[in-house]
Amino acid sequence: MVVREFNELSNESEQVVFLLRAWEDMPGGVGRPQDRINPKLDECDYMILILGDRWGSPPAVKGPYSSGTEEEFYRCLDLLASPTAVMRDLLVVFRTLEPERLRDPGPQLLEVMNFRNDLEEAKSLQFVSFDSEQSFEAAIRKQLAEWARPLSEREPVKIDLPKLRTIEAGATVASHIKLLEAAKEHAKSGLLMQAELLFAQAIEDGDVEAVAEFALFMRRTGRLDTALELNQKIIEDPGVLSSTDHDSVARRVRALVNMGIIHRKRSSLTESIKVLREAVRTAESSATPVYQELCYALDNYGLSLLRVGELDLARQQFEKTYSVRKEFGTSLELAQSAINLARQSLVSEDFAHATTLFEEALGILETENDGHCLANALCGLAEAHLRAGVRDGVRVLLERALEVNETLGNSDGTSIAHALLAKYFLAEGDVGLARGHAELCREESERTNSATGYGTSYLLKAMITRQEGDGRAAAEDLAKAQQYAQSSGNEPLVRDIDVVRREWAAAPATEAPTEPTPDSARTSK
């Protein structure tokens, strides 16, 4: 269905058509079925491997592969590495499964889980996950759009993927607390399949705290539908809903905030602001103070307000948070407040104040163990420097932020770091590296289907293409950037695109400035 719809739309504009070769379409006959499938694979330019809870059966009685799926995957890797084959790229897609299935996977699902874990451990091949029909279609549609671009000269690519098989049937950790802590540690290390398995085990008895941590994990790894369902489950829990004690109110507030963040990521900013306002009111009306959760709600309420251009109202939320944290907060929480106030200053174009606040946050974070805050502060400081026209030290900041985000498996953060690196190299005059990072920004945005991410990557591509002298292609990319920016509701990005458009209108394409002035790379999505 997705491919057919894409072909219908593409045929009207780009004259690109994708022909499906699925194994179900292969005719029957004498001999090994895989021997009839493989030649068809050899003729393909691209391969999409979709995995749910089944791995498949061995393609031969005595052979090196445990399933036809595995044989096709490794044959595709051989084709990618061959100088004479036509295969150009591979997309691996995993369906997010219910925790109950992960807890008792059986031999088929266990093979799928180990395969995904091998991909994560090797870090040599990207993959995407989906948790709804909409997110699946979006992932396929975006990849088809990428493959439909004009083809460059094919270059062989060698991908090594050792079979580690780390996950074992029945493996578990003794206690509930250890399960949850182990899951969080694996998530920090980027071992997401193992983390997901441990979270599934930790929530087996319905523990609300474990469900909340699992929801946060799902949100940060781009499974937004699942994350929304888990947070809704917390709010609807009878014990949490009816109780007025500190822990129950805190859990309600955190769940509401996470739902507000998810709506913001989906560019549903009106809904995001509505839910976050409710979270703030819930925290403020609590008979027992829930200071930490109040600050969490105020912070994110402010961030959503920033996205719609309500700068003064956003600053008020951040200042309220800072006042509460000065009296009741930890050093790490004060660092978070400094980061958010710095973001507001950045959007308000007070780059000197933003720099001071980001540096204050980094001074605190050097002794704290919070990768997400650290990466945010590093990217924020780098962007403040770039906006102020300062490039010294920016590359070091961004490469460190990129490393932290990649370790965390944080696609949004990784996309932001690549966007800023693209801006840095564009300002340095290295168009090749700028284009490479802009492309990586787009690829990471695909993981979470971020309209802001796509808008940013197209803006970068437009600026790069313009600098290369192709004004027509640059204008087309800028139009796409504007479409994504408007659909995301990201007012700062819309504003930066308008700045570029005005600059281009004032200067012919052949006289485009070598150092574009707008800096629309995101410090938040």
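For ASN405, the conditions (1) surrounded by fewer than 23 Cβ atoms within 10 Å (Cβ to Cβ); (2) at pLDDT below 95 all hold with the exception of (1).
For segment 271-282, the tally of residues that are within 25 Å of the chain's Cα centre (by Cα) and either buried (at least 18 other Cβ atoms within 10 Å of the Cβ) or at pLDDT below 95 (or both) stands at 5. Residues in segment 296-334 that are without any contact (Cβ under 8 Å) to a residue 60 or more places away in the chain, among the aliphatic types (A, V, I, L, M) and within 21 Å of VAL253 (Cα to Cα): ALA297, LEU298, LEU305, LEU313, ALA314, VAL324, LEU332, LEU334.
If you check THR288, THR282, THR321 for being β-branched (Val, Ile, Thr), closer than 23 Å to LEU357 by Cα and touching a helix residue (DSSP H, G or I) at 6+ places or on another chain (Cβ under 9 Å), only one passes: THR321. In segment 428-445, the residues that are among the hydroxyl-bearing types (Ser, Thr, Tyr) reach residues that are assigned to a helix (DSSP H, G or I) with C-beta atoms within less than 7 angstrom, at least six apart or across chains, in these pairs: SER445/SER415; SER445/GLY453; SER445/TYR454; SER445/SER457. The test for being surrounded by fewer than 17 Cβ atoms within 10 Å (Cβ to Cβ), at pLDDT below 90 and of a type in the set (A, V, I, L, M) holds for ALA507.
Listed by first and then second residue, the pairs linking a residue in segment 372-396 that is closer than 16 Å to SER337 by Cα to a residue that is of a type in the set (Val, Ile, Thr) and part of a loop (DSSP other than H, G, I, E, B), with Cβ atoms under 6 Å apart and 6 or more places separating them unless they lie on different chains, are CYS379/THR523; GLY380/THR523.
Considering segment 36-68 alone, what residues qualify as being at pLDDT below 85 and over 26 Å from LEU109 (Cβ atoms)? Result: ARG36, single match.
Scan segment 390-404 and give yes if some residue there is more than 24 Å from LEU346 (Cβ to Cβ) and not polar (S, T, N, Q), otherwise no.
Narrowing segment 390-404 to residues more than 24 Å from LEU346 (Cβ to Cβ): none.
No, that holds for no residue.
For segment 481-492, the set of residues classified as in contact (Cβ under 8 Å) with a residue 24 or more places away in the chain and surrounded by 16 or more Cβ atoms within 10 Å (Cβ to Cβ) consists of ALA481, GLN482, TYR484, ALA485, SER488, GLY489, ASN490, GLU491, PRO492, listed by residue number.
Yes/no matrix, rows are residues, columns are (1) of a type outside the set (Phe, Trp, Tyr); (2) modelled with pLDDT under 90; (3) closer than 21 Å to ASP370 by Cβ:
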residue	(1), (2), (3)
GLY239	yes, yes, no
VAL249	yes, no, no
GLU284	yes, no, no
THR288	yes, no, no
ARG343	yes, no, yes
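All conditions in (1) within 21 Å of LYS188 (Cα to Cα); (2) assigned to a helix (DSSP H, G or I) hold for GLY222, with the sole exception of (2). The criterion of being part of a helix (DSSP H, G or I), in contact with a His (Cβ under 7 Å, 6 or more places away or on another chain), touching a residue at least 40 places away in the same chain (Cβ under 8 Å) and polar (S, T, N, Q) holds for GLN194.
ARG101 meets each of the listed conditions (1) part of a helix (DSSP H, G or I); (2) in contact with a strand residue (DSSP E or B) (Cβ under 7 Å, 6 or more places away or on another chain); (3) not acidic (Asp, Glu) apart from (2). There is at least one residue in segment 424-442 that is among the acidic types (Asp, Glu) and part of a helix (DSSP H, G or I).
Among residues of segment 113-124 that are under 8 Å from MET193 (Cα atoms), those with a beta-carbon under 9 Å from a residue that is at pLDDT 90 or above and β-branched (Val, Ile, Thr) at least six positions away or on a different chain give the pairs ARG116/VAL92. When the test is whether a residue is surrounded by fewer than 16 Cβ atoms within 10 Å (Cβ to Cβ) and in contact (Cβ under 8 Å) with a residue 40 or more places away in the chain, LYS178 does not pass it.
For segment 59-81, a residue qualifies if it is part of a loop (DSSP other than H, G, I, E, B) and touching a residue at least 12 places away in the same chain (Cβ under 8 Å), and the qualifying residues are PRO59, ALA60, SER66, SER67. If you check LEU421, LEU426, LEU357, LEU362 for being surrounded by 21 or more Cβ atoms within 10 Å (Cβ to Cβ) and not assigned by TED's automatic domain parsing to the domain that holds THR465, only one passes: LEU357.
Among GLY239, GLY302, which is in contact with a helix residue (DSSP H, G or I) (Cβ under 9 Å, 6 or more places away or on another chain) and either among the charged types (D, E, K, R) or closer than 28 Å to ASP350 by Cα (or both)? Lay out the reasoning, then the answer.
Numbers: GLY239 fails: either among the charged types (D, E, K, R) or closer than 28 Å to ASP350 by Cα (or both).
Residue meeting the stated conditions: GLY302.
Considered as a group, the residues in segment 104-137 that are aliphatic (A, V, I, L, M) and not in a loop (DSSP other than H, G, I, E, B) include one that is nearest to GLU5 (Cα to Cα), and that residue is VAL128.
State all residues of segment 110-131 that are within 17 Å of THR221 (Cα to Cα) and out of contact with any Ser or Thr (no Cβ under 6 Å at 6 or more places or on another chain); if no residue qualifies, say none.
Of all residues in segment 110-131, those within 17 Å of THR221 (Cα to Cα) come to 113, 116-117, 119-121, 123, 125-131.
If the condition is that a residue be within 17 Å of THR221 (Cα to Cα) and out of contact with any Ser or Thr (no Cβ under 6 Å at 6 or more places or on another chain), then MET113, ARG116, LEU119, GLU120, GLU121, LYS123, LEU125, GLN126, PHE127, VAL128, PHE130 are the ones that fit.
Residues that are farther than 16 Å from HIS372 by Cβ and touching a Ser or Thr at 6+ places or on another chain (Cβ under 9 Å) within segment 388-402 comprise ALA388, GLY389, VAL390, listed in sequence order.
Kindly evaluate SER267 against the criterion of being over 21 Å from the mean Cα position of the chain (by Cα) and either of a type in the set (S, T, N, Q) or surrounded by fewer than 18 Cβ atoms within 10 Å (Cβ to Cβ) (or both).
Values: over 21 Å from the mean Cα position of the chain (by Cα): no; either of a type in the set (S, T, N, Q) or surrounded by fewer than 18 Cβ atoms within 10 Å (Cβ to Cβ) (or both): yes.
No.
If I go through segment 219-256 residue by residue, how many of them are touching a residue at least 60 places away in the same chain (Cβ under 8 Å) and crowded, with 20+ Cβ neighbours inside 10 Å? Of the residues in that region, 6 qualify.
The values are calculated or read from the model by the stated rules, or taken from the named source; none is laboratory data. Everything numeric here is computed off the predicted structure, so don't read it as measured data. Note that each Cβ is placed from the backbone with ideal geometry, even for glycine, and that neighbours are counted across all protein chains shown.
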